[in-house]
Amino acid sequence: MPNAPATINQASPGHPPIMSVGRITMENIAEFTSGAKRYFIYKSVAAEAHVSHISFCFDDPHVAAWIEANNAVLTALTFDAFILRLRAKFLSATWFLDYGKCLTSAQWDSPFADWSAAKRQANQAVSTVPNLFMDDARLRLFMRILMHEDLLAEYNAKNTSAEGGQSGSLDNIVDLDDWCTAVGHIDEGWRLRKDREQRSYLKQLKSL
């Protein structure tokens, strides 16, 4: 199987999604699933016909051959059951370790906006896997634990300072999008300040 991930193309809600040749991942399976369900609703496809309507939507010859060889069995399944079979057949045997590593990796020097977006994307991709998927509260807790120590110090300071409003103001942000945006601004701020301090230090060294 190719190393590059397969891509999903869908011309419009009235057309089924097409998965290109490429490595099958939880992300492109999730994208294909979403596009297919949108197509089923838009075209009022009966539930018993869901799999047959998308059985020719895979460009990869390995997937196409598997569907053709098992057509009677696969087209008799519900769409969700078909997706589970597809996942079991073509995902890497260690796919859950890759997503587990992404979800539990520390921020280190990555910008918070990029790091948190990757975590949320990986988490959404495993939304159908109860042992891996985290709700917003748990995902936020993981990000607080794993964020850069300097960012965490800034976060804690603003969370309890007058500048941040009432005590615990950042923790009181309910919406995860809003929380990530607020923390991203803090991250950008301390990085800019750190950069200025480093430039100032280097300037002083050169003047000696």
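The values are calculated or read from the model by the stated rules, or taken from the named source; none is laboratory data. Just so you know, these numbers come straight off a predicted model, no measurement behind them. Reconstructed Cβ throughout: ideal geometry from the backbone, glycine too, with neighbour counts over all protein chains shown. Only protein heavy atoms, including side chains, enter the accessible area calculation; ligands, DNA and RNA are left aside. Shrake-Rupley method; radii C 1.70, N 1.55, O 1.52, S 1.80 Å.
Does residue 115 satisfy the criteria of being in contact with an Asp or Glu (Cβ under 6 Å, 6 or more places away or on another chain) and of a type in the set (Phe, Trp, Tyr)? Outline the logic, then answer.
Values: in contact with an Asp or Glu (Cβ under 6 Å, 6 or more places away or on another chain): no; of a type in the set (Phe, Trp, Tyr): yes.
Considered against the rule, which asks whether it is in contact with an Asp or Glu (Cβ under 6 Å, 6 or more places away or on another chain) and of a type in the set (Phe, Trp, Tyr), residue 115 comes out as no.
Among (1) open to solvent by 30 Å² or more (accessible area, probe 1.4 Å); (2) assigned to a helix (DSSP H, G or I), which single condition is residue 131 missing?
Going through the list (1) open to solvent by 30 Å² or more (accessible area, probe 1.4 Å); (2) assigned to a helix (DSSP H, G or I), residue 131 breaks only (2).
Could you go through segment 175-191 and let me know if any residue there is hydrophobic (A, V, I, L, M, F, W, C), open to solvent by 50 Å² or more (accessible area, probe 1.4 Å) and either part of a loop (DSSP other than H, G, I, E, B) or out of contact with any Pro (no Cβ under 6 Å at 6 or more places or on another chain) (or both).
No, there is no match, as no residue in segment 175-191 is hydrophobic (A, V, I, L, M, F, W, C), open to solvent by 50 Å² or more (accessible area, probe 1.4 Å) and either part of a loop (DSSP other than H, G, I, E, B) or out of contact with any Pro (no Cβ under 6 Å at 6 or more places or on another chain) (or both).
Out of curiosity, is residue 203 modelled with pLDDT under 95, in contact with a Leu (Cβ under 7 Å, 6 or more places away or on another chain) and assigned to a helix (DSSP H, G or I)?
no
Considering only helices (runs of 4 or more DSSP H) fully contained in segment 1-84, which possess at least 1 residues that are modelled with pLDDT under 95, of a type outside the set (A, V, I, L, M) and open to solvent by less than 30 Å² (accessible area, probe 1.4 Å)? Can you show your working first?
Values: elements: 26-42, 50-54, 61-69, 71-75.
The qualifying helices (runs of 4 or more DSSP H) are 26-42.
Mind listing whichever residues of segment 134-149 are open to solvent by 20 Å² or more (accessible area, probe 1.4 Å) and outside any loop (DSSP other than H, G, I, E, B)?
136, 137, 138, 140, 141, 142, 144, 145, 146, 149
How many residues are touching a Ser or Thr at 6+ places or on another chain (Cβ under 8 Å) and among the polar types (S, T, N, Q) if we restrict to segment 58-86?
Here the count works out to 2.
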